[in-house]
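Inspection log for the structure reproduced underneath, given as structure tokens.
The values are calculated or read from the model by the stated rules, or taken from the named source; none is laboratory data. The model shown is predicted, which means the values in this text are computed figures rather than measured ones. Here the Cβ is made from the backbone with ideal geometry for all residues, glycine too, and neighbour counts use every protein chain on show. Please note that ligands, DNA and RNA were not included when accessible areas were found on the heavy atoms of the full protein model with its side chains. Shrake-Rupley method; radii C 1.70, N 1.55, O 1.52, S 1.80 Å.
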Amino acid sequence: MSKVLQQFLVKNLTELQNHGLYNEIDTVETANGPIIRISGKEQINLSSNNYLGLATDERLKDAAIEAIGKWGVGAGAVRPINGTLEVHEKLEETLAVFKGTEAAISYQSGFNCNMAAIPAVMDQNDAILSDELNHASIIDGCRLSRAKIIRFRHSDMDDLVKQAKAAKESGSYNKIMVITDGVFSMDGDIAKLPEIAEIAEKYHLITYVDDAHGSGVLGHGAGTVKHFGLQEKIDFQIGTLSKAIGVVGGYVAGKKTLIDWLKVRSRPFLFSTAVTPSDAAAATKAIELMMESTEHCERLWKNADYLKSSLKKLGFDIGYSETPITPCIIGEEKTTQMFSKLLFAEGVYAKSIVFPTVPKGTGRVRNMPTAAHTKEMLDRAVSAYEKVGKEMRVI
Ligand SMILES: *Cc1c(COP(=O)(O)O)cnc(C)c1O
């Protein structure tokens, strides 16, 4: 290895370790269900994004296996050459129905979707108003577009108006977009979409909502935009197939002209092979199940309400979440990591999330209850929280 690289890596890795900011990655020895095994120890899993428990659902597994039998294991080419199989078309048609839009386009991941969609419509003569807490993939997609990025304070509508007005009146930009997460993953709060849509109308902004954590969760499963009844006001509805849907992939849902454009101008669609046939078939099955019944979604909310109220009763600071995402805010980074380690010893897997993912001093253990948890599992988790919380004098 080059000496320069070696010095860079050792210096920076050591620094992270010394500050308690180095994340050790655990290997999971089972499927990612409500109970997992790590290092030979069974754990109640409160860290997956598998909101509806679909990642291990037998009906999705059957759909995936059947698709492998019929279509093989790979798409074989990028979509515009001959990698568009019927299963991909079916997925996109199903997504459009699910989202209540004219059309949809699928990508290899939610992350990729933002790399694809933002630079396909925005360029160096444009500006993007971006919530300061937007997901890393939105930030990267914005950077890639080379548009001027104007951050507004988190969910602060006065600041958004001020910045939108200034950008509009400057006359410097051809197009201006406002972009936000639908649900913010670290605190679980919902974007103020009705206000954002109104501001967008007034200042002629393009509207872009990345609803990775809202789909399957809000709007009886259809997402944050549907939750507010704003399907006609939001230009881009971005989603992932890897969280509530339980598989892998991402998508944009919107007007047909938008999707037509993305099919000829978004680079990850043009230059990277599509998801496998089994991914497409399993994701389609998941969406069909979600449209047939809201049972999973209802169970998710019931479990989330139970976990939240139980932790709150014990005296934990669970922030201001409006969704199943349940942060337990501990504060200092090393204390937060220790808290998570002690939970692990008690058989509860809830990851600590610290700077730089969240601001310094707001370290938290984040809990993601799912539809697959039983009340008994949640009770065991809450008992572990009580024990560790008292031991560490957090409560
Ligand atoms: C998780 C997430 C993504 C990434 O989705 P993947 O399908 O896992 O790549 C993108 N945007 C937001 C807002 C997310 O929360």
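Annotations
- When the Cα positions of Leu85, Ile139, Ala96 are compared along the charge dipole of the stretch 85-158, Ile139 comes out farthest toward the positive end, with charges on each C-beta of Lys, Arg, Asp and Glu.
- Extension gain from Lys387 to Gln7, taking 0.36 nm per residue of separation minus the Cα-Cα distance: 132.5 nm
- Most tightly packed first, judged by the mean number of other beta-carbon atoms within 10 Å of their residues, the peptides 374-381, 322-329 read 322-329, 374-381.
- Alpha-carbon radius of gyration plus Dmax, which is the widest Cα pair, for the stretch 53-183 in Å: 19.0, 58
- Summing Cβ point charges (Lys, Arg +1; Asp, Glu -1) relative to the Cα centre of the chain gives a dipole of roughly 800 debye.
- Remark: the stretch 118-163 carries a charge dipole of roughly 160 debye about the Cα centre, counting +1 on each Lys and Arg Cβ and -1 on each Asp and Glu Cβ.
- When the Cα positions of Ser272, Thr323, Leu342 are compared along the charge dipole of the stretch 227-357, Ser272 comes out farthest toward the positive end, with charges on each C-beta of Lys, Arg, Asp and Glu.
- Estimated FRET transfer efficiency (Asp317, Ile68; beta-carbon r; R0 51 Å; 0.05): 0.65
- Where the Cα pairs of the chain fall when distances are cut into 20 Å bins, in %: 26, 56, 18, 0
- For the residues Arg37, Arg153, Arg299, a GNM of the chain with alpha-carbon springs under 10 Å puts the largest fluctuation on Arg153.
- Antiparallel bridges, percent of DSSP beta bridges restricted to the chain (to nearest 5): 55 percent
- Against the criterion of solvent-accessible heavy-atom surface with a 1.4 angstrom probe, Thr257, Thr224, Thr101 sort, most first, into Thr257, Thr101, Thr224.
- Counting only protein chain heavy atoms and rolling a 1.4 Å probe, the accessible areas of Asp317, Asp181 rank, largest first, as Asp317, Asp181.
- For Gly110, net neighbour charge (Lys/Arg +1, Asp/Glu -1) across residues whose Cβ lies under 10 Å away: -1
- Highest to lowest packing among 3-12, 198-207, 21-30, scored as the average C-beta count within 10 Å: 198-207, 21-30, 3-12
- Cβ-based net charge around Ser340, under 15 Å, with every Lys or Arg adding one and every Asp or Glu removing one: +1
- Across Val78, Val161, the residue with the most accessible area heads the list, and the full order at a 1.4 Å probe is Val161, Val78.
- For the chain, modelled as a GNM whose springs connect Cα atoms under 10 angstrom apart, the maximal fluctuation among Tyr349, Tyr306, Tyr51 occurs at Tyr306.
- Average accessible surface area per residue within the chain, 1.4 Å rolling probe, Å²: 46 Å²
- Gaussian network model of the chain, Cα within-10 Å springs - most flexible of Met115, Met157, Met368: Met157
- Local charge for Arg59 was computed over the other residues whose Cβ lies under 10 Å away, with Lys and Arg +1 and Asp and Glu -1, and equals -2.
- Out-of-range pairs (alpha-carbon distance over 30 Å; input Lys202/Lys226; Lys148/Lys341; Lys148/Lys285; Lys61/Lys375; Lys255/Lys375; Lys302/Lys390): Lys148/Lys341; Lys148/Lys285; Lys255/Lys375
- Accessible surface of the chain, 1.4 Å probe, proportion on carbon and sulfur as whole %: 53 percent
- In straight-distance terms, cross-link reach from Lys308 covers every one of the aspartates and glutamates whose alpha-carbon lies under 18 Å from its own, apart from those fewer than eight places away in the same chain; here that gives Asp187, Asp189, Glu298, Asp317, Glu322, Glu376, Asp379, Glu386.
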